[in-house]
1. For region 102-123, which residues satisfy the criterion of being out of contact with any Asp or Glu (no Cβ under 9 Å at 6 or more places or on another chain), within 28 Å of K285 (Cβ to Cβ) and of a type outside the set (D, E)?
2. Here's a check for you: in region 42-60, which residue that is modelled with pLDDT of 95 or more and in contact with a Ser or Thr (Cβ under 9 Å, 6 or more places away or on another chain) is farthest from K193 (Cα to Cα)?
3. Can you name every residue in region 149-169 that is out of contact with any Gly (no Cβ under 9 Å at 6 or more places or on another chain), assigned to a loop (DSSP other than H, G, I, E, B) and not charged (D, E, K, R)?
4. Among the residues of region 188-246, count how many are under 20 Å from V307 (Cβ atoms) and of a type in the set (D, E).
5. Which residue out of I58, I45 is more than 26 Å from V149 (Cβ to Cβ), among the β-branched types (V, I, T), surrounded by fewer than 24 Cβ atoms within 10 Å (Cβ to Cβ) and touching a Cys at 6+ places or on another chain (Cβ under 9 Å)?
6. Being touching a residue at least 40 places away in the same chain (Cβ under 8 Å), closer than 18 Å to L78 by Cα and either in the same structural domain as L116 (by TED's automatic domain parsing) or not small (G, A, S) (or both): is that true of G19 here?
7. Where the second residue is crowded, with 22+ Cβ neighbours inside 10 Å and basic (K, R) and the first is under 24 Å from E318 (Cβ atoms) and without any contact (Cβ under 8 Å) to a residue 40 or more places away in the chain and lies in region 260-273, which pairs have Cβ atoms under 8 Å and are six or more apart or on separate chains?
8. Step by step: first the residues of region 288-328, then only those that are basic (K, R) and in contact (Cβ under 8 Å) with a residue 60 or more places away in the chain, then the one that is surrounded by the most Cβ atoms within 10 Å (Cβ to Cβ). Which residue is that?
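The values are calculated or read from the model by the stated rules, or taken from the named source; none is laboratory data. Values in this document were obtained by computation on a predicted structure and should not be read as measured data. Every residue, glycine among them, receives a Cβ derived from its backbone with ideal geometry; neighbour counts consider all protein chains shown.
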Amino acid sequence: MNFKKDRMNLIICAGGTGGHIIPAVTLGKNLTEYNVSYICGNREIEKKIYYTYGIKPIVLDIKSFEPLRFILKFPSLLLYSFKILFKIKPKTLILAGNYISFPVGIASIILGKKLLLLEQDAVIGKTNRILSRYAFKIFSGFPLPFKYVDNRKIVHTGHILRENIFEFKEDDKVKLDKSKKTILIFGGSQGAKNVAQKIIDFLYPVKGKFNIILVAGNHYEDFKDYDGINILPFYENMGFLYSVSDIVISRSGAISVAEIKSLNKKAIFIPFESAANSEQIKNLKRIGLKKDRSVVIREGELTKEKVVLTIEKLLAKENGKEKTEYDLKKQIGIIKRYV
């Protein structure tokens, strides 16, 4: 690790899903006066997201949360977390929740490190809930109040959004017919494949009417052979995809919902209802979406007729021009006060 001696060392731990990793990386990239190291889990999609941003993370050997296996593996994860902290010697750690943060958080507490938490969802996650007792501050995407935590520790920064969603960089690899409307489909890693499969099957017979783009992420191999549809793996140039899309079909993780709202895009949201504490449903309720620009379809109610009819109704509405003002520098400035 090539650390600059005149800078303080800082660790950011974020893994599991893009909804945890992308805000954490966006934050870390803007903490330029610190030597920032990243910790994630051992899933390929996690490492791929970091590599896309030119980051080689420290990897904890865990790919998913299965309670018994996690308990049995916890001593080795905790020991490795201690080794990381002894080697890097950070004064402060920023943890983005998820089970990957738990052993790192416990090691940090035992060693007396300053602990800061990122919470982007409408509901405080279980890991952040436990660690919040020892955290100095909790940076939240949604405004107060929150259940299960000391709200005096909450600092409402708003959602930390990647800067490139506001940039337009054309990509000739994405084939678009400019005479057709464009539908962008993406979602989180949690159950996204099943929903994506249904949506693609619904729309495939009418693919000649639309440009269809699917960001398949970790499931790229399952969709790559669909002809006439733009199938992409994890894709960094999201500003381009958002800018060319007329409708977005997505899960309702906090960051996805915040990005879509910020860009004032028409959207169909299909919440992952098995998410912890029904967080995806609560994200939609708390974020304050415009009713004329978004529709929520519960997964059990997904039918071809409902999806196609909803797309047609949304396309018939006028396009919104106004985007929400977003000030990442202000957010970073708030967080720096506590680092």
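1. F102, L116, L117, L118, Q120
2. I58
3. Selection gives V149, L161.
4. Count: 3.
5. Only one candidate qualifies: I58.
6. Here the answer is no, as G19 does not meet what is asked.
7. Hits for this filter: F269/R251.
8. Within region 288-328, the match that is surrounded by the most Cβ atoms within 10 Å (Cβ to Cβ) is K304.
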